[in-house]
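What follows is a single structure, written as structure tokens, with notes after it.
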Amino acid sequence: MSRFVLVGARRFPPAELSPTHVGVTVARSLAFVASIRRWQLLDSYAIDAIGRAEVDQPRTMLLMWASCPAAAANLAAAWSRVTGFDVSTWPLVAGRRAA
Amino acid sequence: MSGDVETALSRMLREEWPRLVAAGMRILDDFQAAEDAAQETLLAALDHWPLSGVPDRPGGWLMTVCRRRALNALRDRQREADRMRSAAEAAAVDDTPAETPLDGPAIIDDQLRLMAMCCHPVLPFDAQVALTLRMVAGLTTEEIAAAFHQPIATAAQRLVRAKRTLRSHRIGFADDEIDLPVRLPAVLDVLTLVFNEGYLTHAGSDLTRPDLAGESHRLTMLLTAIVPGEGGPWALRALQSFHLSRSCTRTDDNGNLLTLDEQDRRQWDHALIDDGRASLDRARQLCKPPTALLLQAELAACHATAPTFEDTDWRAIVERYDQLMALDATPVVELNRAIAIAMRDGPAAALPTLNRLVEHRDLARSHRVWAVRAELRSRLHDNVRADQDYQRALELVGNDIERAYLVRSRQQFTL
């Protein structure tokens, strides 16, 4: 297993958000995160500071375990689907799963 | 994650939305800027909650973030220094969103202010409706446009113009005392229109728009919580609860319209009927003398609480319509009264009224008056003229399900 950094950004300011849509998206994203936690694929994460309002910057980073770049790309695609993020994937070298 | 979680989160966020906009208004006193602050708050929740978890008190989290966004916006504008200082004192501005309690009188007052501003008399009625749906119900411009079958650009222009009008008239959010007796009727009018459009959509392929009817009902319930001493909101809540209790029986499995006598009353939502009864009791205590809205709720109660269609008390219904006519003699009320008279005394008794109403300038363009006269004439075996009335109703009807019902009725009597 290798570690990958997934960087999620909203490249464009989203159109108007409806509270209903946000509720649905949060619920689905929660389910996604719960899954990757259950499968022990999530090493750690970082979230953009709450005080910032810019929407064209990276918002969230996930440090993930994946068997290969293709598997990491699959995870990135799934994360993008549920959050609407534009996701970039970066391999990390010399990563080791914590005991 | 189950759909229940999606539903619960969506409902919670919809309920928080007007509080956020109101909090933004209190700090920024500008609808556009307040909306932006509320939008950015939703965006922050979208980023944080999936990974850090939904806070124990999500409303407090959202409120703190929203206030901080609003204060940042105020700082960015570098003006209104005094206002910022006083607002900053009131808001917690530490790095972690505090989960503050939300049910203080100021918050409730702010929501009322928000509704009252959206329904400000300086705005045309359609702008009041659009602004209420956006600012209080949280519907997007696209959803508002879809709800009223308008182009998105039209709905967007209406919203922009409404915000600009309020700004140009220097209508402040927190400065003036809300003249509640003056504003409440406009708020109730807006909620009634939204509900009516949701309960019986005037055009399109759906009989109802449950989202609109549900939003209006939710906002009306909110209004009864905000101003529990006013009778109007309780009467409207009763009316809406009675109507909504029948929602799931208004069409059959094939989507065909079912009239009251065809509906399975066992499937009516009895929790909503109970809410209607309780709300009506409150409204009766508060609406003295009875208002038009109270009488409409009484009429809805007559239908919703009758054990069977045959048990419907048409005598009481005609009496209520007589009272309503004395207060609000609109052609629509007169049409409904005529239907009740036809049920009480037979179709011939109502026909003279119908003959007059089809000549009415406004009502003649509605399919309903023609459909009612067609029904009465068919019951009197005046088939040729009934067929002509059905034809006219079919030319005017905009809703596909109602059209199918009229076609079916016309076929049945000509068989």
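Structure summary
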item	result
P(r) of segment A:2-91 over all Cα-Cα pairs, binned every 5 Å from zero, in whole percent	3, 14, 23, 27, 18, 10, 4, 1
Protein accessible area in segment A:2-91, 1.4 Å probe - carbon and sulfur %	58 percent
Per-pair calculated FRET efficiency, R0 = 30 Å: B:Asp313 and B:Arg385 via Cβ, rounded to 0.05	0.45
Efficiency of FRET from Cβ geometry, B:Ala278 and A:Val93, R₀ 56 Å, rounded to 0.05	0.25
B:Cys248 accessible area, assembled protein chains, probe 1.4 Å, Å²	80 Å²
Shielded residues, segment A:25-40 - accessible-area loss of 50 Å² or more between chain alone and all protein chains, probe 1.4 Å	A:Val26, A:Ala27, A:Leu30
Protein-protein interface of segment B:1-45, residues with accessible area decrease of at least 20 Å², isolated chain reference, 1.4 Å probe	B:Met1, B:Glu6, B:Leu9, B:Ser10, B:Leu13, B:Arg14, B:Gln39, B:Glu40, B:Leu42, B:Leu43
From phi via Karplus (6.51, -1.76, 1.60), per-residue ³J(HN,Hα) for segment B:280-296 in Hz, x at Gly/Pro	5, 4, 4, 4, 4, 5, 9, 8, 10, x, x, 9, 4, 5, 4, 5, 5
Counted charge near B:Leu280, where neighbours are those whose Cβ lies closer than 13 Å (Asp, Glu -1; Lys, Arg +1)	+1
Chains B and A together, accessible area buried on both sides, 1.4 angstrom probe, square angstrom	2900 Å²
Rounded to the nearest 10 Å², the accessible area of B:Leu280 at probe 1.4 Å	10 Å²
Span from the segment B:259-277 Cα centroid across to the segment B:346-415 one, whole angstrom	27 Å
J(HN,Hα) series, segment B:376-393, from Karplus relation 6.51 cos²θ - 1.76 cosθ + 1.60, nearest Hz, glycine and proline x	4, 5, 5, 5, 8, 6, 8, 5, 4, 6, 4, 5, 4, 5, 4, 4, 5, 4
Extended-chain gain in nm, criterion 0.36 nm per residue less alpha-carbon gap, A:Ala70 and A:Ala46	6.4 nm
Net charge, B:Val136 excluded, C-beta distance under 13 Å - Lys, Arg +1, Asp, Glu -1	0
Label-point gap, in nm, between B:Arg408 and B:Asn72 - each point 7 angstrom along Cα→Cβ	5.5 nm
Protein-only accessible surface order, largest first, of B:Lys163, B:Lys288 at 1.4 Å	B:Lys288, B:Lys163
Accessible area of chain B divided out per residue, in Å², using a probe of 1.4 angstrom	45 Å²
1.4 Å probe accessible area per residue over segment A:2-91, in Å²	48 Å²
Surface share of carbon and sulfur [accessible, 1.4 angstrom probe, percent] for chain B	51 percent
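The values are calculated or read from the model by the stated rules, or taken from the named source; none is laboratory data. Just so it is clear, the structure is predicted and the values come from calculations on it, not from any experiment. Here the Cβ is made from the backbone with ideal geometry for all residues, glycine too, and neighbour counts use every protein chain on show. Remember, those area values only see protein heavy atoms, side chains included, never the ligands or the DNA or RNA. Shrake-Rupley method; radii C 1.70, N 1.55, O 1.52, S 1.80 Å.
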